[in-house]
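**Q** I am attaching a structure below and will ask some questions about it afterwards.
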Amino acid sequence: MPPELLLANHLKTLRLPTFLREHDKLTRICAAQGVDHVRYLARLTELELIDRERRMVERRIKSAKFPAVKSLDSFDFKAIPSLNKMMVLDLARCDWIERRLDVDMYGLSGHFL
């Protein structure tokens, strides 16, 4: 069996679809940039992890059966002028979790005070 087919078969068996889809392109890019094999594999595994995370989120959203998918990108901050957009976006980054800080929110439902 040619090595390309063997590799494709192994990647399918191991359930590494991003490896399968991206390895040729990334091989050419890394070869042109003189990237060593460890960095090549690190890039390829990073692509796989990012894609898995994306698919996991998509599956969870689908299984939740939300009536509509919403995000902060589509939120109309002008509808609630008292809402501090920068604060909301900062909180959404979740840096406060890693820093082990508390976040207290209070006020009327749907409003920040």
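**Q** Does Ala42 meet the test of being part of a helix (DSSP H, G or I) and either in contact with a Leu (Cβ under 7 Å, 6 or more places away or on another chain) or not assigned by TED's automatic domain parsing to the domain that holds Glu53 (or both)? Let's see the steps before the verdict.
**A** Working: part of a helix (DSSP H, G or I): yes; either in contact with a Leu (Cβ under 7 Å, 6 or more places away or on another chain) or not assigned by TED's automatic domain parsing to the domain that holds Glu53 (or both): no.
It is false that Ala42 is part of a helix (DSSP H, G or I) and either in contact with a Leu (Cβ under 7 Å, 6 or more places away or on another chain) or not assigned by TED's automatic domain parsing to the domain that holds Glu53 (or both).
**Q** Within segment 16-37, can you find the residues that are surrounded by fewer than 16 Cβ atoms within 10 Å (Cβ to Cβ) and part of a helix (DSSP H, G or I)?
**A** Within segment 16-37, Pro17, Arg21, Asp24, Lys25, Thr27, Arg28, Ile29, Ala31, Ala32, Gln33, His37 qualify.
**Q** Okay, next question. Going residue by residue through segment 60-74, is there one that turns out to be surrounded by 10 or more Cβ atoms within 10 Å (Cβ to Cβ) and in contact (Cβ under 8 Å) with a residue 12 or more places away in the chain?
**A** Looking through segment 60-74, at least one residue is surrounded by 10 or more Cβ atoms within 10 Å (Cβ to Cβ) and in contact (Cβ under 8 Å) with a residue 12 or more places away in the chain.
Yes or no, residue by residue, for (1) in a helix (DSSP H, G or I); (2) modelled with pLDDT under 85:
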site: Pro81; (1), (2): no, no
site: Met87; (1), (2): yes, no
site: Asp90; (1), (2): yes, no
site: Arg100; (1), (2): no, no
site: Gly107; (1), (2): no, yes
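The values are calculated or read from the model by the stated rules, or taken from the named source; none is laboratory data. What you are looking at is a predicted structure, and each value in this text was computed from that prediction instead of being measured. Cβ: placed from backbone, ideal geometry, glycine included. Neighbour counts: every protein chain shown.
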